1. If you stretched the chain out fully between Val175 and Ile106, how much longer would it get, using 0.36 nm times the residue separation minus the C-alpha to C-alpha distance?
2. Please report Rg over Rh for the range 70-110, where both radii come from the alpha carbon positions and Rh follows the Kirkwood definition.
3. Whole-Hz Karplus ³J(HN,Hα) for the range 246-263, in order, using 6.51 cos²θ - 1.76 cosθ + 1.60 and θ = phi - 60°, x for Gly and Pro?
4. Assuming 0.36 nm per residue, please report the length gained on full extension of the stretch Ala155 to Ala273 beyond their Cα-Cα distance.
5. State the extension gain, in nm to one decimal, for the chain segment bounded by Val221 and Asn183, taking 0.36 nm per residue of separation less the distance between their alpha-carbons.
6. Gap in Å between the Cα centre of the range 42-71 and the Cα centre of the range 125-166?
7. Can you give the convex hull volume of the alpha carbon atoms of the range 186-284 per residue, in Å³?
8. Please give the FRET efficiency for Glu162 paired with Leu233, using the beta carbon to beta carbon distance and R0 = 30 Å, rounded to the nearest 0.05.
Amino acid sequence: MTSAEFSAPVVWQLLLTVAGAAAASVQFAALRRERTSATLPAWNAGPAQILLFVAVCLFCFLGPGFVCAAAARELFPDANPQENLLLQVPAAQTLSLAALLGFAKIFPDAFPRRFDAPRERRAGLRALVAGRFGVPAFFVAGIFVVTVGAALTSAAVALFPENVREIFEEKQMLVDALTSAENPLAAALCVPAIVVFTPILEEIVFRAGLYRFLKSKMAAVPAAALSSAVFALMHDAPASYLPLALLGCVFCLAYEKTGRLAAPVLIHALFNANSLVGIAFLAP
């Protein structure tokens with residue numbers, strides 16, 4: 001890796017962080033001034049509805065993964081674990097999203113009737129694309145929030161004993177697989193799964209479902225914090241728990257301010273794409 005190759009992503013992330021700090025300050029000031037009522041209605045699900053929702057989500061997250069892992073071992077017994085993982089990810093994410101959308105049709109009561117706010121309370125296309133609370137503004141603000149969360153995590157981990165620090169220093173298996181991929185096609189197949197399918201799947205579950213259900217039981221801020229904590233824990237990456245939880249709160253705020261699920265989906269997609277760009281520079 002040349003110095004130019006190394007500096008390019010660093011400079012890019014630095015610029016995004018600076019822009020994010022500015023965007024976050026503007027958004028925070030605007031939020032303090034506006035004091036408007038919530039755009040997004042809560043999801044008043046009954047006990048049976050929420051239990052079915054949780055069961056469907058657990059099945060969609062876990063079931064396809066187990067099936068694809070078993071199929072990969074059976075069909076490609078000579079492939080190393082990292083190659084198998086690159087084959088499993090696009091297949092599992094595609095099946096998970098298809099299963100979730102299928103269950104939403106079969107059991108409509110297990111999901112909110114509408115993912116968006118009523119038409120008169122939704123942000124228009126211009127506001128979604130270029131507004132103060134639009135997708136680009138939330139994306140760069142989220143970069144800043146994630147950077148702060150990562151810095152706080154690093155500072156806290158440095159205080160722990162070495163055996164505890166090792167837990168936080170472990171890289172995600174998918175990152176290892178992508179950076180050492182010998183098959184470019186297998187790595188390329190992961191791109192739509194990570195950038196398109198994963199954001200749609202996770203935003204339906206954690207924002208449209210869990211966040212809005214929790215809003216029916218508590219105020220928006222604790223609902224966002226709790227749903228975002230669950231979102232972070234589901235990623236099973238200890239070093240990323242705080243950054244992901246903060247990012248989840250950004251997604252909730254974007255959803256709340258625009259009234260459109262498309263907002264957190266697009267921001268999530270941009271984050272994942274940005275992460276893939278960084279991983280590409282780590283590859284030998």
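All of the numbers you see were taken from the coordinates with simple rules; none came from a lab. Owing to the predicted nature of the structure, the values given are computational and were not obtained by experimental measurement. No Cβ is skipped: glycine too gets one built from the backbone with ideal geometry, and neighbour counts run over all protein chains shown.
1. 21.3 nm
2. 1.21
3. Rounded to whole hertz, the list is 5, 5, x, 5, 4, 4, 4, 5, 4, 4, 5, 6, 9, x, 10, 5, 4, 4.
4. On the way: separation 118, 0.36 × 118 = 42.48 nm, distance 2.66 nm.
Answer, rounded to one decimal: 39.8 nm.
5. 9.3 nm
6. The two parts, judged by their Cα centres, are 28 Å apart.
7. Numbers: hull volume 9.3 nm³, N = 99.
For the range 186-284, the hull spanned by Cα atoms encloses 94 Å³ per residue.
8. Between Glu162 and Leu233 the formula returns 0.80.
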